[in-house]
1. Is it the case that some residue within the stretch 111-125 is farther than 30 Å from ALA222 by Cα, open to solvent by less than 70 Å² (accessible area, probe 1.4 Å) and among the hydroxyl-bearing types (Ser, Thr, Tyr)?
2. May I ask you to say which residue of PHE263, PHE314, PHE293 is open to solvent by less than 20 Å² (accessible area, probe 1.4 Å), aromatic (Phe, Trp, Tyr) and touching a helix residue (DSSP H, G or I) at 6+ places or on another chain (Cβ under 9 Å)?
3. Condition first: hydroxyl-bearing (Ser, Thr, Tyr) and either part of a strand (DSSP E or B) or more than 20 Å from ILE396 (Cβ to Cβ) (or both). Now tell me which residues in the stretch 316-368 satisfy that.
4. Being of a type outside the set (A, V, I, L, M, F, W, C), farther than 17 Å from ILE9 by Cβ, at pLDDT 95 or above and touching a helix residue (DSSP H, G or I) at 6+ places or on another chain (Cβ under 9 Å) is the requirement here; does GLY41 meet it?
5. Restricting attention to the stretch 409-438, which residues are in a helix (DSSP H, G or I) and small (Gly, Ala, Ser)?
6. Inside the stretch 1-89, counting only strands (runs of 3 or more DSSP E) that do not spill past its ends, which hold 3 or more residues that are of a type outside the set (Phe, Trp, Tyr), under 23 Å from LYS118 (Cβ atoms) and open to solvent by 50 Å² or more (accessible area, probe 1.4 Å)?
7. Just to check your reading of the model, which residue among ALA226, ALA241 is within 12 Å of ligand 1 (Cβ to nearest atom) and of a type in the set (A, V, I, L, M, F, W, C)?
8. Scan the stretch 383-405 residue by residue and report those that are open to solvent by less than 10 Å² (accessible area, probe 1.4 Å), over 17 Å from THR315 (Cβ atoms) and in contact (Cβ under 8 Å) with a residue 60 or more places away in the chain.
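The values are calculated or read from the model by the stated rules, or taken from the named source; none is laboratory data. Treat the numbers as computed from the prediction; the structure is a model and nothing was measured. Quick reminder, even Gly has a Cβ in these numbers, built from the backbone with ideal geometry, and neighbours come from all protein chains shown. The area values use the complete protein model at the heavy-atom level, side chains included, leaving out ligands, DNA and RNA. Shrake-Rupley method; radii C 1.70, N 1.55, O 1.52, S 1.80 Å.
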Amino acid sequence: MLPLLIKEIFTLPPGQDLVVRGWVRTKRELKNLVFVEVNDGSCFKSIQCTFDCSGGDRGIFSRLGSLTTGASVEIRGKLVPSPAAGQAVEVQATELTVTGEAPAEASGDTSAYPLQKKRHSLEFLREIAHLRPRTNTFGAVARVRNRMAFAVHEFFQARSFQYIHTPIITASDAEGAGAMFQVTTLNLEALAAGSPAGGAVDYSQDFFGKRAGLTVSGQLEAETYATALSRVYTFGPTFRAENSNTTRHLAEFWMIEPEAAFFHLEDNMTLAEDFLKSLFTAALNGCADDLAFFDAHIEKGIIETLQSVVDSRFTRISYTNAVAELEKHAGLFEFKPYWGCDLQSEHEKFLTESVAAGPVIVTDYPREIKAFYMKQNDDGKTVRAMDVLVPRLGEIIGGSEREENLERLEGRMAELGMNKADYSWYLDLRRYGTVPHSGFGLGFERLIQYITGMANIRDVIPYPRAVGQAEF
Ligand code: ATP
Ligand code: MN
């Protein structure tokens with residue numbers, strides 16, 4: 001049998017002899033009793049192990065001294081109903097093994113364990129990202145992240161979307177979604193030395209024989225599989241060399257991109273709405289203790305917000321009508337809304353909070369502010385784009401029906417000065433057996449931020465990569 005986890009211990013009936021394994025959170029002493037809280041990260045709760053030292057087991061008593069916060073232990077004992085409030089069971093400890101000490105004070109070349117009982121700032125914890133999963137906050141974030149990753153697969157698999165792996169290294173820049181990291185094996189030092197004036201680089205000498213980079217989106221490749229397998233999704237790492245030091249941008253993040261053949265924009269909207277509701281339901285049901293913690297200590301009201309999204313019907317409104325609504329209240333905004341403008345956060349907030357009082361899907365945006373591949377409407381001005389906006393955040397999902405008509409797509413690419421030859425494989429999807437198809441993108445870390453209420457995106461991924469930051 002595998003070693004018992006603490007989450008499993010909590011499901012057992014009292015009376016069992018068992019072993020608790022984990023890391024000490026706290027230790028309290030009261031007369032002859034020593035109370036030790038042990039956590040193993042399998043669930044939010046720690047289990048209390050009580051040592052009764054009145055019997056005079058001096059052996060255990062002497063070892064209790066090394067039971068400091070952060071020490072790893074194996075504690076044998078009996079599961080009993082707990083007299084203490086707030087816990088159904090505790091362990092009456094009989095044997096103790098300290099597998100690894102965590103000194104509370106520096107000694108020799110070992111410094112003190114940095115995670116002492118007091119509260120630490122999120123900034124400080126970012127500097128010890130290798131230890132922060134041992135805190136309540138980061139343990140909870142990691143469990144929510146895990147549950148949501150699983151829920152993404154559950155949702156799509158249940159609807160016959162097939163998981164595909166799109167390349168991480170690519171030579172195509174999907175829509176210029178963001179600046180790309182370059183991938184090269186050229187000897188940069190030699191190039192720099194040989195060309196002080198900055199001559200042209202001969203990429204035919206590079207590893208791939210041409211300029212390559214890290215993917216900014218798997219969408220275009222996903223489209224190729226959607227026009228073969230009907231329904232697919234990607235869920236993988238994405239990279240953007242954005243020099244923006246915000247609380248919402250990382251250089252390396254994870255993105256979910258479903259793509260489905262014979263889906264029109266309406267189907268895409270239905271899918272996106274069902275998807276968010278299903279993820280939030282999984283979080284509410286599967287991570288109740290973690291969410292209760294976020295609600296109490298990180299952001300009040302998040303459980304209610306998530307539940308309200310689950311219970312809502314998303315309002316669908318065209319960009320043109322949304323702007324008309326905004327213009328009626330132009331005085332409220334710093335950035336004056338007008339037809340053709342990109343919606344700002346303040347506009348998105350107003351739409352979800354005042355116009356719809358719930359999630360909103362805005363459709364049919366001006367073509368100028370959207371990507372080249374979106375399906376053009378007959379009005380010649382708008383495209384079949386959709387952004388899903390949620391209360392408190394604004395845009396959480398962006399998607400569209402794709403242009404499936406070859407002439408129209410080529411026409412738009414020409415207007416934008418794009419090189420047709422670079423996209424010949426993408427255009428083939430329209431040359432051979434073209435179909436209406438649609439998809440969207442959801443940034444996984446933005447989702448986790450929304451669910452946990454964590455303000456900084458650097459705190460919802462284990463090892464954040466951002467401008468000037470690639471530690472661990
Ligand atoms: P933003 O305007 O917030 O920069 P975007 O318009 O660049 O987003 P898209 O190109 O539509 O975003 O990418 C799809 C999704 O990926 C976004 O909705 C967002 O959730 C996420 N995303 C985009 N850039 C980043 C980033 N740098 N870090 C984390 N997530 C991101
Ligand atoms: Mn961006």
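1. Yes, that holds for at least one residue.
2. On the way: PHE263 fails: open to solvent by less than 20 Å² (accessible area, probe 1.4 Å); PHE293 fails: open to solvent by less than 20 Å² (accessible area, probe 1.4 Å).
Checking each option against the conditions leaves just PHE314.
3. At the first step, the residues of the stretch 316-368 found to be hydroxyl-bearing (Ser, Thr, Tyr) are 318-320, 338, 345, 352, 354, 363, 365.
Those that are hydroxyl-bearing (Ser, Thr, Tyr) and either part of a strand (DSSP E or B) or more than 20 Å from ILE396 (Cβ to Cβ) (or both): SER318, THR320, TYR338, THR363, TYR365.
4. On the way: of a type outside the set (A, V, I, L, M, F, W, C): yes; farther than 17 Å from ILE9 by Cβ: no; at pLDDT 95 or above: yes; touching a helix residue (DSSP H, G or I) at 6+ places or on another chain (Cβ under 9 Å): yes.
Taking the combined requirement at face value, the residue does not satisfy it.
5. Taking the stretch 409-438 as the starting set, the residues that turn out to be in a helix (DSSP H, G or I) are 409-415, 420-431.
Matches in the stretch 409-438: GLY411, ALA414, ALA421, SER424.
6. Values: elements: 17-30, 33-39, 47-52, 72-81.
It comes to 17-30.
7. Working: ALA226 fails: within 12 Å of ligand 1 (Cβ to nearest atom).
Checking each option against the conditions leaves just ALA241.
8. SER400, GLU401, ARG402
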